[in-house]
Structures are given as structure tokens and as C-alpha cells.
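Bear in mind that the values in this text are calculations on the coordinates, not laboratory data. Predicted, not measured: the structure shown is a model, and the values here were computed from it. Cβ atoms come from the backbone with ideal geometry, glycine included; neighbour counts cover every protein chain shown.
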Amino acid sequence: MEQGAQSSLLLYSSTAMSSEANFGNPSSIHWAGRRVKSVVDDAREDIARAFGIEDPESLFFTASATEAINTAIKGAFFLSLKNKQKFYLVTSKVEHEATLETAHFCEELGATVVRLGVDANGLLKMDELDAALGAVPSGALPMLSLMIANNETGVVFPWEEAARRAKAAGFLVHLDAVQAPGKLINFSLGAGPVDLASFSAHKIGGPKGVGALAVRRGVKIESLLHGGAQERKRRAGTVNVAGIASFGAAARALGERDLGATAALRDHLEASVRAKIAGVTVQGAGAPRVVNTSNLLFDGVRGEGLLMGLDLDGFAVSSGSACNSGSILPSHVLLAMGIDKLAAQSAVRVSLGPRNTREEIDAFVASLERVVGRIRANAARGSIR
Ligand code: PLP
């Protein structure tokens, strides 16, 4: 349901992309370089302010949240290798692929990885967390890497409590915070027990291809990219000035969002769907969720068919996870919540944008009702023949 052009994307034309400002390299010390550097530093401050990060200098820019997550986890793993230590990583079964596959990579190179389960509502099993925190192999470098909010269901983990327990147990704590800003009411990373946090510009209305990693002062990890002193030697390579400026503009615009209004629209959507369509369940409905995500399962309906029907009516929704929508595999998140493979394949994820209206929700529910009805009628005819 996310809508097109983002005003923040237009803003960089008047800042970083103007020919004069675009001339310098932010790493150069001449006036043109300093001017571009100030564009990057202003964005850093705006982003830190919007995300509740006290120290803007703790943030450095990457090409995506995927890169930030890789840097956080592999950066800690490489440090453990350098120090000839074991690496002990605790994460969950419902993380984004950026975490899951990075964890798998580290495991192949000798790390021990514990993947925590979730309950039927998608909430972290805290008893499994406690058991994992108490089982650090001797001499190992222990790290917890957890998402704040799930990208498929919108379910919010008790991230502050999990981070607090992990810090008390001596862990390095990394949060995949991608789905929190602009979607989680009152989100602020704050001065809490967090060492590293990953963010993505395009999840807050900024451009695709920019991310950031916050690394608390004093926390040491290895860099992923070598070959330059940019970003205080934390990430080599000339930074994406235009993308970063636009990320900053999107962060500034977050303050104008009415998250309560989006939550009310989401509730209206779910209530209408339940009232008009039989055999529907809302995943994670019993858990705290971000304001804009609904994961719906329809009995006896394949997600792909539903997607295609809605697409013909002009609605862009995804089956399972958007980052994974080329695949027809059932979602690992829904499987971890105990949903069987067939039912998981009927999942549709609806994400609301800040500009969606009640009229659009009503038109969407009417389209959903038609498409679900048609698919079920065709299936019933097929089974009679
Ligand atoms: N983590 C979560 C929870 C996400 O939802 C996504 C993308 O959707 C990512 C990480 C990866 O972000 P990026 O697209 O910036 O690599």
C-alpha cells in the first residue's frame, strides 16, 4: 500500500545534488570538500536526533541495512578471530535474511550460533534467551543480535529487556532497528543497553541503497571494507552524499508523521477484513506491533494468486516478506510461529504508508473480498469436477 514519490527524495536536489555542492569530495580538506562534508554531517545529526541516538558521531553510513548488519556481526566475529577467541552468537529464528545468512556464514567458519524461538504470537521466548545467555563457551566473545520489529508481521520484540539481560551477561548487543523508526510509537534508541544498531533509509521514506550503523563509543569491531579512512576508518569508500542527504531529509520528516492515525487505519483494515471475509487470521494480533503492518492468512487461498488479483486492481502488497518476494517458499517467520507450510503460503503482508487514506483501505478491502471470493469459488469448482 506504500505510495510513490517521497518528498524527502526531492530535497537533495537543493542540497547535495546542486552542481556546486556536488563538486567536492567530503574527505577532501578544501572548501568544496568541507561544504559536502557538512551536508553529510548535518544528515548524521538529523538522523541521530530522529532515532534518539545521543552521539551523532556513533553513526556511520553504509550502502544498506544489510551491509550494516553484516558489518556488526562479521565485525565482531573477525575481532574474535583476530584475538583467537571463539565467537558465540545468539539470535532468533525470525530475523531478516541479512542476519540469518550472516550468522550461517560465521557458523561455517567455526562460530557457535543459537537461534531463539518465538511463540504463536511471534514473541521471543525469553526462557530460551536466558538459557542461551547462561551458556557462553569459556573464553568466547558473546554477541546478541536481535531485531526490534519483525518485517513480516510487525511484531515488536521486548528488545530493551532482552538487551538489558544480554548486557548484564557480558554480551555485545546489536539490534536490527530497521523497522522501528517511523513505525514504532515513541521509538528512541536512547541511552539504553545497546552497542550497535542498524538502520535503512528506504524504510523511513528515504532512498534505496543507504543505511547506517550506530556503534557506541568505546565498542570495538573490525571493519568490513578496507581501503580508505572515510567515516573515521569504520567504512572505507567515498560516501553516497546525495543518498545520505536524502536520508537526513527523510529523518527530519519523520516528526510530521501521525503514527496514531496509521495505527487506527491498520485497525480499521483488520476489522473490515474480519467482518467481510471468512477464514482470515491476523498474525501477531496478540502482540505489540508496529503501526503499519498487517500479516493476513486466508484459509484455502494461495498468497501468489491473491497478490496477482490485487495487483490487477492496482494494489501492491507482498506475500511473505517483501525482501524475499521472488521466492515461493513459506515464510520462515510464520513457520517459526508454528503455522503449517500450506497455511503459511496463504500469507499476505500489507504495509500502510503515511499517506494512505480510509477510502483507500475500503477500496482495498473490497478488492480483497472479490479476489478471495473468486479464488475460493474456482477452487470449489475444481474440487467438484
Ligand atoms: N532488516 C529488516 C528488519 C528489514 O526489514 C530489511 C529490509 O526490508 C533489512 C534488514 C535490510 O534492509 P536493506 O534493504 O536496507 O538492506
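Quick notes on this one:
- Taking a straight line from the alpha carbon of LYS276, these lysines sit under 29 Å away, with near neighbours fewer than eight places off in the same chain left out: LYS183, LYS341.
- Cα pair distances of the range 267-309 binned at 5 Å [whole percent]: 5, 19, 29, 26, 16, 4, 0
- Charged neighbours of LEU175, selected by a Cβ distance under 13 Å, balance to -2 (K, R count +1; D, E count -1).
- Rounded, prolate or oblate (a/c below 1.5 giving rounded, otherwise prolate when a/b exceeds b/c) for the range 343-385 by Cα gyration tensor: oblate
- Charge tally around ILE53: other residues with Cβ under 12 Å, Lys/Arg +1 each, Asp/Glu -1 each, net -1.
- Counting only lysines at least 8 places from LYS74 when in the same chain, those with an alpha carbon closer than 26 Å to its own are LYS82, LYS84, LYS86, LYS93, LYS125, LYS167, LYS203, LYS208, LYS220, LYS233.
- Between helix 241-253 and the chain there is an angle of about 60 degrees, using the helix long axis and the longest principal axis of the Cα atoms.
- Residue by residue, the range 366-380 carries 3J(HN,Hα) couplings of 5, 5, 4, 4, 5, 5, 4, x, 5, 5, 5, 5, 4, 5, 5 Hz when phi is fed to the Karplus relation 6.51 cos²θ - 1.76 cosθ + 1.60 (θ = phi - 60°); x denotes Gly or Pro.
- 10 Å beta-carbon shell around SER80, net charge (K/R +1, D/E -1): +2
- Each semi-axis of the equivalent ellipsoid for the range 110-162 is √(5λ) with λ an eigenvalue of the Cα gyration tensor; in descending order they amount to 23, 11, 10 Å.
- Kirkwood hydrodynamic radius of the range 259-380, Cα pairs, Å: 14.5
- Span per principal axis, largest first, for the Cα atoms of the chain (Å): 73, 56, 34
- Value in Å of the Kirkwood radius, where the range 63-179 supplies the Cα pairs that are averaged: 14.1
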